[in-house]
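Some notes on the structure that comes next.
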Amino acid sequence: MGLIRLLLAISVITAHSSSILGLNFIQGQLAVEVFFMISGFYMALILTEKYHQSKTFFTNRLLKIFPTYWFVLILCLIYQLIHYFVHPTSPDILGFFNPNYHLNLLSSLFFLIPNLIILGLDTNLFFGLNPHTGILFFTSNFRLFTPKSYEFNLIPQAWSLSLELMFYLFAPLLNKLKTKSLLLIMSLSLVLRLLLYSKGLNHDPWSYRFFPTELIFFVAGILMYRIYQHIKDKQLKLFSFYSFIFYLSYLISYQFLPHERTKQIILFLFSFTFLPFIFNFFKKNKFDRNLGELSYPVYICHFLIIDTITHFTQLNHTYLGIITIILSIFLSILLNKFIIQPIDNFRQSRLKI
């Protein structure tokens with residue numbers, strides 16, 4: 001499933017930059033939600049087969065997420081400082097550095113703390129800021145106001161990590177529930193989404209950044225793992241291989257298919273159905289696993305690379321996507337070698353104690 005994960009990360013990059021030879025793959029929002037499903041699958045997998053203590057699970061997940069995040073956060077801060085001194089009046093500088101935005105103590109902490117601990121990077125997208133008084137206010141659409149909440153996030157796309165961390169808190173409990181209970185939770189999450197949509201809240205951030213309505217995807221991932229448990233010892237290699245080819249073809253051709261809402265639903269149904277078989281087919285493939293390990297650092301560093309290219313070069317926008325992917329993968333290989341892998345070795349050693 002590593003190639004699929006990397007392709008999803010690339011889909012997010014093209015959504016933030018430009019297409020690759022005319023290909024955008026699936027929308028960034030959909031890629032993130034399929035990531036949530038895969039996250040649910042992997043958390044159920046490791047909770048069932050690796051971790052017997054919740055404490056070890058929680059601390060190992062934090063070690064997986066935070067060192068890479070903090071390293072990229074420092075790089076982003078360095079970039080923002082350079083950008084500020086080179087272009088102090090640029091409208092694209094970080095909100096903390098913008099002289100037109102007044103921040104009081106509460107609003108400063110409200111934006112600063114989530115940048116450090118990740119939790120809350122999604123929450124601030126449900127608030128606006130009065131730039132003259134520094135007072136925060138709840139809003140159903142942050143895009144209607146200036147400044148935009150995400151202008152204070154050093155790594156804007158890291159809001160999804162906040163939802164991931166919240167899921168990790170519930171994952172050990174959810175994984176112990178019976179399938180009927182999980183189906184009930186999915187149903188309640190879906191009903192809440194439909195209710196919000198009926199009230200006109202069918203736009204960003206409600207459409208894919210609100211944890212209660214995104215919980216359906218994480219829980220679906222747990223059920224995907226239970227499907228995998230039933231098939232892992234069966235001789236289904238040919239079907240699993242065809243599942244991979246079919247699913248990969250759907251991702252690549254997605255942008256050319258008609259009926260947006262219908263093909264979104266089909267994407268989630270295909271993900272739920274085929275990903276357990278795809279994982280079963282590739283689970284012993286080291287190359288595929290290494291590709292998957294690049295997906296997180298590619299996802300977390302790509303916005304920094306886009307900003308750097310955009311503001312300090314004259315690169316034709318047509319090539320922004322492909323150059324960003326190349327540089328993101330290169331930086332991710334370095335991050336994986338010098339930060340992620342050494343920490344991962346330590347994480348794995350803790351399971352043997």
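Among (i) 0.96; (ii) 1.11; (iii) 1.03, only one was calculated for this model; which label is it, if the read-out is Rg/Rh (Cα atoms, Kirkwood Rh)?
(i)
What percent do you get for the relative contact order of region 95-153 when only Cα pairs under 8 Å and 6+ apart count?
37 percent
Measure nothing fancy, just the Cα-based angle from helix 2-16's long axis to the longest principal axis of the chain, in degrees from 0 to 90, nearest 10.
Tilt of helix 2-16: around 30 degrees.
With r defined as the distance between the Cβ atoms of THR133 and LEU236 and R0 fixed at 51 Å, what FRET efficiency is calculated, to the nearest 0.05?
Details: r = 62 Å, r/R0 = 1.21.
About 0.25, to the nearest 0.05.
May I ask you to derive the relative contact order of the chain, considering only C-alpha pairs under 8 Å and at least 6 residues apart, and to give it as an integer percent? Before the final figure, lay out each step's value.
Numbers: 419 pairs, mean separation 108.3, N = 353.
This gives 31 percent for the chain.
Mind putting a number on the dipole of the chain about its Cα centre? Charges go on the C-beta only, +1 for Lys and Arg and -1 for Asp and Glu, and I need it in Debye to the nearest 20.
On the way: 27 positive and 14 negative charges, 291 e Å.
Here the chain has a charge dipole of around 1400 debye.
Among the lysines, select those whose C-alpha is under 29 Å from the C-alpha of LYS283, and discard any that sit fewer than 8 residues away in the same chain.
Correct list for LYS283: LYS50, LYS55, LYS64, LYS176, LYS178, LYS180, LYS232, LYS234, LYS237, LYS263, LYS337, LYS352.
Enumerate the calculated ³J(HN,Hα) couplings along region 39-55 in order (Karplus 6.51 cos²θ - 1.76 cosθ + 1.60, θ = phi - 60°), each rounded to whole Hz, writing x wherever the residue is Gly or Pro.
4, x, 4, 5, 5, 5, 4, 6, 5, 7, 9, 10, 9, 10, 10, 4, 4
Label points 7 Å out from Cα along the Cβ direction at PHE287 and PHE145: separation in nm?
Reported label-point gap for PHE287 and PHE145 is 5.2 nm.
How far is it, in nm, from the label point at ILE245 to the one at ILE343 when both lie 7 Å from their Cα along the line to the Cβ?
With each label point 7 Å from Cα toward Cβ, the separation is 3.9 nm.
Suppose each label sits 7 Å from its Cα in the direction of the beta carbon; what would the LYS50-GLN314 distance come out to in nanometres?
The answer from the label model is 4.9 nm.
Quick note: the coordinates plus some simple rules give every number you see, no bench work behind them. Predicted model, so just to flag it, every value in this text is computed and none were measured. Using ideal geometry, Cβ is built from the backbone for each residue, glycine included, and neighbour counts are taken over all protein chains shown.
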